[in-house]
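Report on the structure given below.
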Amino acid sequence: MKNILEVKNLNKKYADFTLKNVSFTLPTGMIMGFIGENGAGKTTTIKAILNIITDYTGEINIMGLNNKTNDQKIKENIGVVLDDMFFPEVLKAQDINQIMKSIYTSWDEELFQNYLKQFNLPLKKAIKTFSKGMRKKLEIATALAHHPQLLILDEPTSGLDPVARAEVIEIFQNFIQNEKCSILLSSHQTTDLEHIADYITFINKGQIILSATCDEILNHYAIVRCTAAEFKKIKPEDYLKYRQEKYNYELLITNKKSFKQKYTTEVIDKITLDDLMVLMIKGVK
Amino acid sequence: MWGFIKKDFAMIKSNWLIVLILFILYAYLGLTDKMEISFILPFMSVVLMLSTFNYDEFNKWDAYAATLPNGRKNGVRAKYVATFLIVFLISLFTIAMALIIAYTKSTTIDYVNIFGLIGATFISTILVQSLMYPIIYMFGITKARIAIFVIVFVIAIAGGMLLKLIDFSHFTKVTAFLSHYALIIFPLIVLLLLYGSYKISLKIATKKNF
């Protein structure tokens, strides 16, 4: 199976927001970082992939199967963490184990217990006594404990301290060691994505504006910082967006090498995903 | 489906102390003749099941349930099965209580009366919940409370008016037939209603966006 997830021409209309022709593919064995500002359409896209919303148009295939007609088979093989907390807070981790045992045919009780130990989560305490980070960890443990092939995670590291985040990222990296497993990961923690993502898909105002490998973005894209006089000398076709700062200009370029050959004086800085997001959203052309 | 039923029972179990106090209170009121014991059934089962809907909505469980294998269907099915199980268990408790009351008061145990009364309450409880659940699935528990109030009010008014307007002496054959076959007819009607209600709830839940 070449692609574990294929989203084709996904459209969904709300009164104040529209998802327009969202298309991207996640190759098997890869991690895709799904980025965009708040309200850009990340959660709506994830909800459509998971059939949490149903009245959308377009085609979504997971593991080569249509997500609407093969719901049960697909969901046996995916692990999910949603943006909002979702476990009833009167339940305990041991209740979650009992519940999931009857829901997933491949539920691995031992693996779940191991994750609980690793995350220092108590078995017999009500979830309402957990911190936000502990709740997220419980959700992650639950998403992983039935040996899914695909993890769909909406802000899984939000609320986690740096140590816990590193721990979770390591778990995701171990998960991906099995070449059949893949992750779609929506996150605002772009530094984490720079470390683990193979692909980045960037959504803005309901439209995909970039979907490429992380290496391609970090190696070829760059920020040029220059004065107003220098900016005037640069041809518009040589940059994607620009932003006027107080004392200089910031330009987003997509081909560092060819830019260097054309222009010699400007400062070319390495790009981060944060820079990319800001310039793509706030920049103009 | 059993996973969802376990969830509902685990949520109910988390409030075991309140449930126990209520049961003791009702038992006391029944034993001291301050209240008809059979009223425990509708009240307790409705309260217990509505609390599970409340927890689900408050914690946005339904959106997550939709991501589980057959989650929407099993979620709805589990609510109906859990309801039936709870009503059944409380019925057993009520029968036991009624027998204890009769025994402690050294009165003759009128089995027909006890089973008849609790059976009627069982049926009406299932009926009320069959009416409520599609409304809850449609509007969510918070908004459904108002809708349920309006519907129950309309039914009560309509029923009251019908009882006033209809002279049942014209239908003696019908009432005789109904009372003769009540044990078959009413459970059958209730089962059909429950099934119809489940089908409507399922249709709403499978199309719902979270």
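The values are calculated or read from the model by the stated rules, or taken from the named source; none is laboratory data. If you're wondering where the values come from, they're calculated on a predicted model, not measured in any experiment. Quick reminder, even Gly has a Cβ in these numbers, built from the backbone with ideal geometry, and neighbours come from all protein chains shown. Ligands, DNA and RNA are stripped out before the accessible areas are found, and what is left, the full protein with its side chains, is counted by its heavy atoms. Shrake-Rupley method; radii C 1.70, N 1.55, O 1.52, S 1.80 Å.
State whether the residues of the stretch B:75-97 include one that is facing chain A (nearest Cβ under 9 Å), of a type outside the set (K, R), in contact (Cβ under 8 Å) with a residue 24 or more places away in the chain and open to solvent by 10 Å² or more (accessible area, probe 1.4 Å). Among the residues of the stretch B:75-97, not one is facing chain A (nearest Cβ under 9 Å), of a type outside the set (K, R), in contact (Cβ under 8 Å) with a residue 24 or more places away in the chain and open to solvent by 10 Å² or more (accessible area, probe 1.4 Å), which makes the answer no.
The residues on offer are A:E155, A:E110, and the sole one that is open to solvent by 10 Å² or more (accessible area, probe 1.4 Å) and modelled with pLDDT under 95 is A:E155. For the stretch A:172-195, taking the residues that are open to solvent by 10 Å² or more (accessible area, probe 1.4 Å) and among the β-branched types (V, I, T), the one that is nearest to the chain's Cα centre (by Cα) is identified as A:T191. Residue check: is A:K101 open to solvent by 40 Å² or more (accessible area, probe 1.4 Å), over 24 Å from the mean Cα position of the chain (by Cα), within 9 Å of another protein chain (Cβ to nearest Cβ) and touching a residue at least 24 places away in the same chain (Cβ under 8 Å)? In short, no.
If we scan the stretch A:73-81, do we find a residue that is more than 9 Å from chain B (Cβ to nearest Cβ), charged (D, E, K, R) and in contact (Cβ under 8 Å) with a residue 12 or more places away in the chain? Among the residues of the stretch A:73-81, not one is more than 9 Å from chain B (Cβ to nearest Cβ), charged (D, E, K, R) and in contact (Cβ under 8 Å) with a residue 12 or more places away in the chain, which makes the answer no. Note on the stretch B:177-210: residues that are open to solvent by less than 70 Å² (accessible area, probe 1.4 Å), free of Cβ contacts under 8 Å to residues at least 12 places away in the same chain and within 14 Å of another protein chain (Cβ to nearest Cβ) amount to 1.
In this structure, A:K47 does satisfy being part of a helix (DSSP H, G or I), under 25 Å from A:D192 (Cα atoms) and of a type in the set (D, E, K, R). Condition first: farther than 22 Å from A:D238 by Cβ and aromatic (F, W, Y). Now tell me which residues in the stretch A:190-227 satisfy that. Answer for the stretch A:190-227, where residues must be farther than 22 Å from A:D238 by Cβ and aromatic (F, W, Y): just A:Y199.
For A:Q94, the conditions (1) part of a helix (DSSP H, G or I); (2) away from chain B (no Cβ under 14 Å) are fulfilled apart from (2).
The residue of the stretch A:30-70 that is farthest from the chain's Cα centre (by Cα), among those that are among the charged types (D, E, K, R) and crowded, with 20+ Cβ neighbours inside 10 Å, is A:K47. Pairs linking a residue in the stretch A:169-182 that is under 13 Å from A:L26 (Cα atoms) and at pLDDT below 90 to a residue that is open to solvent by 90 Å² or more (accessible area, probe 1.4 Å) and in a loop (DSSP other than H, G, I, E, B), with Cβ atoms under 9 Å and 6 or more positions apart or on different chains, are A:K180/A:M1. Taking the conditions exactly as written (without any contact (Cβ under 8 Å) to a residue 12 or more places away in the chain and more than 30 Å from B:F58 (Cβ to Cβ)), does A:K47 satisfy them or not? No.
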